[in-house]
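**Q** The structure under discussion is supplied below as structure tokens; questions concerning it will follow.
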Amino acid sequence: MIPVLTPAESAALDAASPEPIEVLVQRAGRAVATAAVRLLGGTYGRRVVVVAGPGNNGADGRVAAELLARRGVRVRVVEAADVAVAGARLEPSDLVIDAAFGTGLRADVEFPDVDGAPVLAVDIPSGIDGLTGDVRGTPPRAVATVTFVAPAPGLLLGAGPAHAGEVLVADIGLDPRAARIALVDDADVVAWVPTRRVDDHKWRHAVWLIAGSHGMRGAGRLSAAAAMRGGAGYVRCSSPDGTADGPVEAVGVELSPESWADDVVEGARRFACLAIGPGLGRDADVAEGVRTVLRGVQVPVVLDGDGLSALGRDAAALLAGRSAPTVLTPHDGEFETLTGAAPGADRVGAARTLAASTGAVVLLKGPTTVVADPDGDVLLVRSGDERLATAGTGDVLTGLVAAHLALGAEPARAAAAAAHLHGRAASLGSSRSLVASDLPDLVARVWDELGADER
């Protein structure tokens with residue numbers, strides 16, 4: 001995992017450092033200068049403009065300017081207050097270093113016109129909120145950002161990634177291990193998702209998928225195929241309308257439309273995980289059946305789509321008595337169904353609040369997926385892209401989460417690993433014509449790339 005520090009956590013870390021702030025600034029300035037030389041492709045005769053603000057961010061930029069000047073770069077330092085106004089324009093240069101305002105930004109910023117020069121941002125592009133990634137004014141679009149100790153959430157959320165360019169994390173001697181937020185990488189997925197043991201049998205990692213309705217059979221098939229590719233040893237497919245449909249490797253078991261919820265409660269004890277919701281429909285009787293299941297089963301449950309709609313604003317009360325893990329996987333609209341309001345700019349805070357109120361792990365879908373556990377720890381996933389913006393991809397994600405839970409992964413890690421695999425799988429697909437049914441087989445290719453079978 002890559003630690004991620006909020007602006008408040010970074011400030012506290014600086015304040016608690018045994019090193020004087022002047023030492024930290026020197027180290028930070030040296031890292032900025034090193035990155036600048038790399039971007040310039042040399043030093044002699046190059047022209048650099050440093051836009052320096054009043055705080056530590058500006059101090060980092062001034063140190064970088066001194067170091068670059070010693071190496072033959074023609075450097076001009078301009079005060080942020082003099083150029084952070086509408087219509088301001090910088091003189092021509094080979095590189096602009098944005099050291100105007102860091103993650104402690106308090107007001108909108110008008111960054112000057114850089115006259116076509118590439119921009120290297122210090123800590124975060126000025127005008128990007130360090131917590132949310134929201135735009136505050138007119139931030140520059142940097143080709144790279146040097147940040148220190150650990151990236152801020154604003155570099156990973158909202159407009160942050162589009163403005164930050166390549167993010168370079170510089171070590172200045174502080175320890176970020178106390179961070180409550182982390183970015184997931186490939187190694188985490190391999191470490192977190194258990195492999196089958198030599199003495200395993202299919203029922204040890206069995207998933208029961210309650211999904212599908214008239215006209216929505218595909219949702220259940222997609223989830224079931226993903227659960228199989230995700231590592232489930234056995235997948236049962238059932239629907240409240242009495243039908244049973246899934247891929248060839250799954251087992252369809254019909255349920256009585258009148259007593260399906262009671263039948264699931266009775267049979268769930270044999271399963272390592274239930275996944276409820278894809279394509280289920282929003283009939284009132286079905287919703288009440290979902291609630292009956294949640295009150296009656298004590299095995300891990302993944303809720304998606306219409307399963308989340310069945311909870312509505314009663315999610316906290318309905319999940320209060322559960323001792324087994326629950327994972328909620330809302331997109332923004334489903335989040336509003338559960339809480340009465342959209343997530344807003346602070347997606348980390350929104351996911352944390354819902355997780356705390358329900359006692360569930362919350363996987364909030366988006367360009368950066370946010371996975372929050374009830375204790376407040378957060379995992380961020382950025383492996384996906386716009387290829388996932390197509391019907392059915394969320395059903396695939398549900399199946400992957402369920403499989404990881406059935407394999408015994410810790411709930412938040414099961415969800416975050418599934419989201420990371422989901423995004424990595426999409427990256428192997430067509431940039432123009434990926435469909436959800438491509439993803440399960442692509443997940444198998446990702447596992448091969450990660451070398452997971454060699455553990």
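**Q** Of the residues that sit in the stretch 222-257 and are over 24 Å from Gln298 (Cβ atoms) and modelled with pLDDT of 90 or more, which one is surrounded by the fewest Cβ atoms within 10 Å (Cβ to Cβ)?
**A** Only one residue tops the list, namely Met228.
**Q** Working carefully through the options Ala261, Ala219, Ala224, find the one that is in contact with a Cys (Cβ under 8 Å, 6 or more places away or on another chain), in a helix (DSSP H, G or I) and among the aliphatic types (A, V, I, L, M).
**A** Unique residue meeting the criteria: Ala224.
**Q** Separate question: Looking at the stretch 369-395, which of the residues that are over 17 Å from the mean Cα position of the chain (by Cα) and over 23 Å from Ser357 (Cβ atoms) is surrounded by the fewest Cβ atoms within 10 Å (Cβ to Cβ)? Break it down stepwise before answering.
**A** Going residue by residue through the stretch 369-395, those that are over 17 Å from the mean Cα position of the chain (by Cα) are 375, 390-392, 395.
Next cut, over 23 Å from Ser357 (Cβ atoms) only: 390-392, 395.
Details: Thr390: 15, Ala391: 11, Gly392: 18, Asp395: 30.
Filtering first and then ranking leaves Ala391.
**Q** Of the residues that sit in the stretch 275-292 and are assigned to a helix (DSSP H, G or I) and either at positive phi or aliphatic (A, V, I, L, M) (or both), which one is surrounded by the most Cβ atoms within 10 Å (Cβ to Cβ)?
**A** Of all residues in the stretch 275-292, those assigned to a helix (DSSP H, G or I) come to 284-292.
Now narrow it down to the ones that are either at positive phi or aliphatic (A, V, I, L, M) (or both): 284, 286-287, 290.
Details: Ala284: 8, Val286: 23, Ala287: 19, Val290: 25.
Looking at the filtered set, the residue picked out is Val290.
**Q** Answer yes if at least one residue in the stretch 82-93 is in the same structural domain as Thr43 (by TED's automatic domain parsing), among the β-branched types (Val, Ile, Thr) and under 26 Å from Val23 (Cβ atoms), and no otherwise. Even if it seems obvious, please write down each step before you answer.
**A** Just the residues of the stretch 82-93 that are in the same structural domain as Thr43 (by TED's automatic domain parsing), to begin with: 82-93.
Adding the requirement that they be among the β-branched types (Val, Ile, Thr) leaves 83, 85.
From what is left, the residues that are under 26 Å from Val23 (Cβ atoms) are none.
Among the residues of the stretch 82-93, not one is in the same structural domain as Thr43 (by TED's automatic domain parsing), among the β-branched types (Val, Ile, Thr) and under 26 Å from Val23 (Cβ atoms), which makes the answer no.
**Q** Say whether the condition of being modelled with pLDDT of 95 or more, part of a strand (DSSP E or B) and over 22 Å from the mean Cα position of the chain (by Cα) is met by at least one residue in the stretch 122-132.
**A** Yes, some residue in the stretch 122-132 is modelled with pLDDT of 95 or more, part of a strand (DSSP E or B) and over 22 Å from the mean Cα position of the chain (by Cα).
**Q** Something else now. Which one of the conditions (1) buried (at least 18 other Cβ atoms within 10 Å of the Cβ); (2) in a loop (DSSP other than H, G, I, E, B) does Gly173 fail to meet, given that it meets all the rest?
**A** (1)
**Q** Can you say whether Ala403 is under 20 Å from Arg221 (Cβ atoms), outside any loop (DSSP other than H, G, I, E, B), in contact with a helix residue (DSSP H, G or I) (Cβ under 9 Å, 6 or more places away or on another chain) and at pLDDT below 95, as far as the supplied structure shows? Please lay out each step first, then the result.
**A** Details: under 20 Å from Arg221 (Cβ atoms): yes; outside any loop (DSSP other than H, G, I, E, B): yes; in contact with a helix residue (DSSP H, G or I) (Cβ under 9 Å, 6 or more places away or on another chain): yes; at pLDDT below 95: no.
Taking the combined requirement at face value, the residue does not satisfy it.
**Q** Given the condition part of a helix (DSSP H, G or I) and farther than 20 Å from Ala182 by Cβ, answer yes or no: does some residue in the stretch 408-424 qualify? Reasoning before the result, please.
**A** In the first step, residues of the stretch 408-424 are kept if they are part of a helix (DSSP H, G or I); the result is 411-424.
This time we only want the ones that are farther than 20 Å from Ala182 by Cβ, so: none.
Among the residues of the stretch 408-424, not one is part of a helix (DSSP H, G or I) and farther than 20 Å from Ala182 by Cβ, which makes the answer no.
The values are calculated or read from the model by the stated rules, or taken from the named source; none is laboratory data. In this text the structure is predicted, and so the values were computed from the model without any measurement. Note: ideal-geometry Cβ built from the backbone for every residue, glycine included; neighbour counts use all protein chains shown.
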